[in-house]
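**Q** Before anything else, here's the structure in question.
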Amino acid sequence: MSKKLFLLPGDGIGPEIMAEVKAIIDWMNSAGLAKFETDEGLVGGAAYDAHQVSISEGDMEKAMAADAILFGAVGGPKWDKVPYEHRPEAGLLRLRKDLDLFANLRPAICYPALADASSLKREVVEGLDILIVRELTGGTYFGTPKEIVTLENGDKRAVDTQVYTTPEIERIARVAFELAKTRRNHVFSSEKHNVMRSGVLWKEVVTRVHAEEYADVQLTHILADNCAMQLVRNPKQFDVIVTDNLFGDILSDAAAMLTGSLGMLPSASLGAEDAKTGSRKALYEPVHGSAPDITGKGVANPIAMIGSLAMALRYSFGMIEEANKLEAAIAKVLADGLRTGDIAAKGEATVGTKDMGAAVLKAFQASF
Ligand code: NAD
Ligand code: IPM
Ligand code: MN
């Protein structure tokens with residue numbers, strides 16, 4: 001049976017990196033490795049320009065019906081003055097919320113060939129393999145009230161609300177513990193229970209889920225500010241880090257630089273498993289944004305986007321061998337010395353988006 005892939009390239013470098021993933025999907029179809037039926041929609045500024053909304057109802061329906069969504073990036077200075085509820089980022093937030101994609105997996109792997117591309121010393125990052133599990137449908141992003149009100153004296157008051165409930169914390173904790181069992185069996189739970197009530201509940205619930213269901217997994221509680229510091233000081237002490245929506249956003253950008261570049265980090269946003277079918281809603285996207293500073297120059301690194309396709313093969317389609325081969329193709333191309341600008345050392349020769357994409361595809365093809 002064919003599988004429905006819904007592509008949302010978005011804005012900025014989104015369409016440039018998505019083109020490289022499309023070429024891989026086309027080849028997998030033509031080589032008989034997969035039967036992907038692809039459709040494409042508009043999201044972010046691209047959707048706003050066409051329909052004055054950040055995603056149309058029609059595209060939301062297609063996203064709901066897809067087996068997996070591949071998402072490029074949204075946003076950019078062109079839409080700075082767009083009303084808040086229609087800004088490009090709102091389309092992405094709606095997809096996450098309406099599809100209940102609560103579990104955001106953000107792996108940060110430092111490929112051996114890139115150990116010198118990180119701003120940290122080689123020995124600090126070489127061999128790094130950590131996984132940030134970010135809660136994606138709760139917390140400050142979605143809590144209400146969320147508003148700016150004008151006070152009687154003319155001053156303004158802005159409010160965002162950090163809110164978590166027991167079931168929200170339980171389900172993300174289970175995802176983290178389950179994933180840890182397939183790795184080095186160690187979960188770090190990161191919050192700020194010293195100043196936030198939501199942190200108190202977070203720690204309490206994670207502690208209970210651990211004791212009742214995952215006592216064989218090692219659990220370490222770590223305050224989020226210390227976690228940020230430790231990520232830079234000694235990142236290899238970590239295995240799985242489970243954290244809330246906002247801390248997870250920030251910690252994952254920091255983790256990106258351990259790998260050499262934000263252009264390297266893929267992600268998977270997963271919903272709950274359907275008890276009957278075993279399938280789950282899922283969206284795959286690079287961790288980075290639309291990179292307005294390099295848009296249209298053909299220099300964006302497509303690896304985070306290609307790595308997101310590899311995660312889709314693994315988590316949505318059970319194509320573990322193909323996912324491993326695609327990731328190995330990325331590693332091979334890097335080992336061969338190919339570099340986009342963001343991962344090149346000073347003075348090193350660089351290639352553009354298309355050459356990098358083509359080289360990964362070629363290495364992937366050669367592995368069958
Ligand atoms: P950004 O991630 O777009 O860019 C940060 C820096 O990293 C830039 O210098 C950029 O050139 C570089 N970079 C990012 N991806 C790269 C790649 N693949 N190859 C090479 N270099 C790369 O973050 P920003 O500049 O803070 O945000 C720009 C816009 O993107 C904003 O509108 C923001 O809201 C949006 N954004 C969207 C997403 C998303 O769609 N998931 C994520 C983050 C930011
Ligand atoms: C990310 C992005 C998004 C977030 C924005 C674009 C809404 O920064 O996916 O990391 O803050 O979650
Ligand atoms: Mn982010």
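**Q** Kindly indicate the residue of segment 259-282 that is more than 20 Å from R174 (Cβ to Cβ) and buried (at least 24 other Cβ atoms within 10 Å of the Cβ) and also farthest from ligand 3 (Cβ to nearest atom) among those meeting that condition. Full working, then the answer.
**A** Step one: list which residues in segment 259-282 are more than 20 Å from R174 (Cβ to Cβ), which gives 259-266.
When the remaining residues are screened for being buried (at least 24 other Cβ atoms within 10 Å of the Cβ), the result is 259-260, 263-266.
Values: T259: 15, G260: 17, G263: 13, M264: 14, L265: 10, P266: 13 Å.
Looking at residues that are more than 20 Å from R174 (Cβ to Cβ) and buried (at least 24 other Cβ atoms within 10 Å of the Cβ), I get G260.
**Q** Need the failing condition index for E322 against (1) touching a helix residue (DSSP H, G or I) at 6+ places or on another chain (Cβ under 6 Å); (2) more than 16 Å from ligand 2 (Cβ to nearest atom); (3) more than 20 Å from T182 (Cβ to Cβ), just the number.
**A** (3) is the only condition that E322 fails.
**Q** Out of everything in segment 333-368 that is in contact with a Ser or Thr (Cβ under 8 Å, 6 or more places away or on another chain) and closer than 17 Å to A19 by Cβ, what residue ends up being surrounded by the fewest Cβ atoms within 10 Å (Cβ to Cβ)? Break it down stepwise before answering.
**A** As a first pass, look at segment 333-368 and keep what is in contact with a Ser or Thr (Cβ under 8 Å, 6 or more places away or on another chain): 339-344, 350-353, 356.
This time we only want the ones that are closer than 17 Å to A19 by Cβ, so: 340, 351-353, 356.
Working: T340: 23, V351: 20, G352: 17, T353: 23, M356: 27.
That would be G352.
**Q** In addition: How about segment 89-119: which of its residues are at pLDDT below 95 and either surrounded by fewer than 17 Cβ atoms within 10 Å (Cβ to Cβ) or under 17 Å from G72 (Cα atoms) (or both)?
**A** P112, D116, S119
**Q** Go through segment 140-169 and report how many residues are farther than 26 Å from M229 by Cα and surrounded by 16 or more Cβ atoms within 10 Å (Cβ to Cβ). Steps first, answer last, please.
**A** First, pick out the residues of segment 140-169 that are farther than 26 Å from M229 by Cα: 142-159, 165-168.
Those left that are additionally surrounded by 16 or more Cβ atoms within 10 Å (Cβ to Cβ): 142-143, 168.
So the count comes out to 3.
**Q** Quick one: how many residues across segment 274-293 are of a type outside the set (D, E, K, R) and farther than 18 Å from D253 by Cα?
**A** Residues meeting the conditions: 6.
**Q** So which residues in segment 317-347 are within 26 Å of G14 (Cβ to Cβ), in a loop (DSSP other than H, G, I, E, B) and not hydrophobic (A, V, I, L, M, F, W, C), if there are any at all?
**A** The answer is R339, T340.
**Q** Yes or no: segment 131-151 includes at least one residue that is away from ligand 2 (no atom under 16 Å from the Cβ), among the small types (G, A, S) and in the same structural domain as E191 (by TED's automatic domain parsing).
**A** No, segment 131-151 contains no residue that is away from ligand 2 (no atom under 16 Å from the Cβ), among the small types (G, A, S) and in the same structural domain as E191 (by TED's automatic domain parsing).
**Q** Here is a further query. Taking the criterion of being closer than 19 Å to M356 by Cβ and within 13 Å of ligand 1 (Cβ to nearest atom), would at least one residue in segment 241-253 satisfy it?
**A** No.
The values are calculated or read from the model by the stated rules, or taken from the named source; none is laboratory data. Remember, it's a predicted structure, so these values are computed and weren't measured experimentally. Positions of Cβ are backbone-derived with ideal geometry, glycine not excepted, and every protein chain shown enters the neighbour counts.
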